[in-house]
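Read through the structure below, which is laid out as structure tokens, and then see the notes.
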Amino acid sequence: MGEDTDSTPALNHHGFLPDHNYVTEADIISTVEFNHTGELLATGDKGGRVVIFQREPESKTEPFSQGEYNVYSTFQSHEPEFDYLKSLEIEEKINKIRWLPQQNAAQFLLSTNGII
């Protein structure tokens with residue numbers, strides 16, 4: 001008998017789909033914001049996800065290389081909602097990201113998906 005083949009595309013080593021044909025509307029970046037030091041970069045997309053990138057330290061073997069950013073964390077920030085008082089559907093698209101001033105070693109950010 002034949003083998004079962006999985007037609008689901010395989011993720012690459014970064015956890016992303018390698019072929020651009022699989023990009024959906026939800027994957028489109030809608031906002032970008034650096035923290036105050038430039039070490040962290042947060043992106044929000046139309047699917048309500050926030051991806052945080054962290055800059056890698058400059059290499060001593062390549063002193064003139066600009067820092068490369070790698071994925072540090074990813075989370076689902078917003079889901080689609082319905083405002084029953086206004087009879088309005090609120091989409092999950094991230095409109096704005098803002099990093100809060102750093103008070104200690106922790107980093108905090110705010111994201112919004114409402115009408116701005």
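The values are calculated or read from the model by the stated rules, or taken from the named source; none is laboratory data. On a predicted model such as this, the values are computed, not experimentally measured, just so you know. Backbone-built Cβ (ideal geometry, glycine too); neighbour counts: all protein chains shown. Surface accessibility is based on the protein's heavy atoms, side chains included, excluding ligands, DNA and RNA. Shrake-Rupley method; radii C 1.70, N 1.55, O 1.52, S 1.80 Å.
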Task: Subset tally (residues that are open to solvent by 60 Å² or more (accessible area, probe 1.4 Å), touching a residue at least 24 places away in the same chain (Cβ under 8 Å) and more than 12 Å from ILE52 (Cα to Cα)) for the stretch 74-90 - done: 2
- [ ] Looking at (1) open to solvent by 90 Å² or more (accessible area, probe 1.4 Å); (2) at pLDDT 70 or above; (3) assigned to a loop (DSSP other than H, G, I, E, B), find the lone condition where ARG98 falls short.
- [x] (3)
Task: Matching entry among SER7, SER30 (being open to solvent by 100 Å² or more (accessible area, probe 1.4 Å) and either of a type outside the set (Lys, Arg) or modelled with pLDDT of 95 or more (or both)) - done: SER7
- [ ] Inspect all residues belonging to the stretch 56-73 and state whether any of them is open to solvent by 40 Å² or more (accessible area, probe 1.4 Å), modelled with pLDDT of 90 or more and under 19 Å from GLY114 (Cα atoms).
- [x] no
- [ ] Please work out which one of (1) assigned to a strand (DSSP E or B); (2) farther than 20 Å from LEU109 by Cβ is the condition GLY44 fails and give its number.
- [x] (2)
